[in-house]
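Here's the structure we're looking at; comments come further down.
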Amino acid sequence: MSFVHISPSTKQAAVKLYWQTGNVKKCAEQFGASRNTIYDWVRLAEQRLESMFLDSTPGKRAPSVDSRNQALQSQLDHVLDAYHNISQGPRPLPQNLARCPKCHSTALLRNGRVRSKQHGLLQRLWCRQCDVSVYVDLKKTL
Ligand SMILES: [Zn+2]
């Protein structure tokens, strides 16, 4: 018995014919192969088909680790960039952070600095509407 190379496309045609007709004897005769060989090709083809359908589950595929890493890295770069810009930008003055305890307005007027024993140098702010003074610690914010 001699081995003849049979091309994949011929094997595929033989398998298709078998699926169409279900006649293994006819396939074997037409393609010059033994019936066992035809059965082998059919078995191979059916295995491949099944695994192919297992791989192609419907729905969106989970992104690969690589693409997720890239996305996270660019997010991190973006956040670090924003953080850098904030940390390098001008800091808000302490009086801009203070609020009037009565009307909660931030429109306070500077009204001199006061040195206290307990807190050191304080900026005194004054709410014109309520006539209330607010003290802001200069050390903590500068
Ligand atoms: Zn006020």
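The values are calculated or read from the model by the stated rules, or taken from the named source; none is laboratory data. In this text, all values refer to a predicted model and were calculated from it rather than measured experimentally. When we count neighbours, we look across all protein chains shown, and the Cβ atoms used for this are built from the backbone with ideal geometry, even at glycine.
Within the group P8, P58, P94, P63, which residue is within 30 Å of W126 (Cβ to Cβ) and at pLDDT below 90?
Exactly one of P8, P58, P94, P63 is within 30 Å of W126 (Cβ to Cβ) and at pLDDT below 90, namely P94.
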Can you tell me which residue among A33, A62, A82 is part of a helix (DSSP H, G or I) and of a type in the set (A, V, I, L, M)?
-> A82
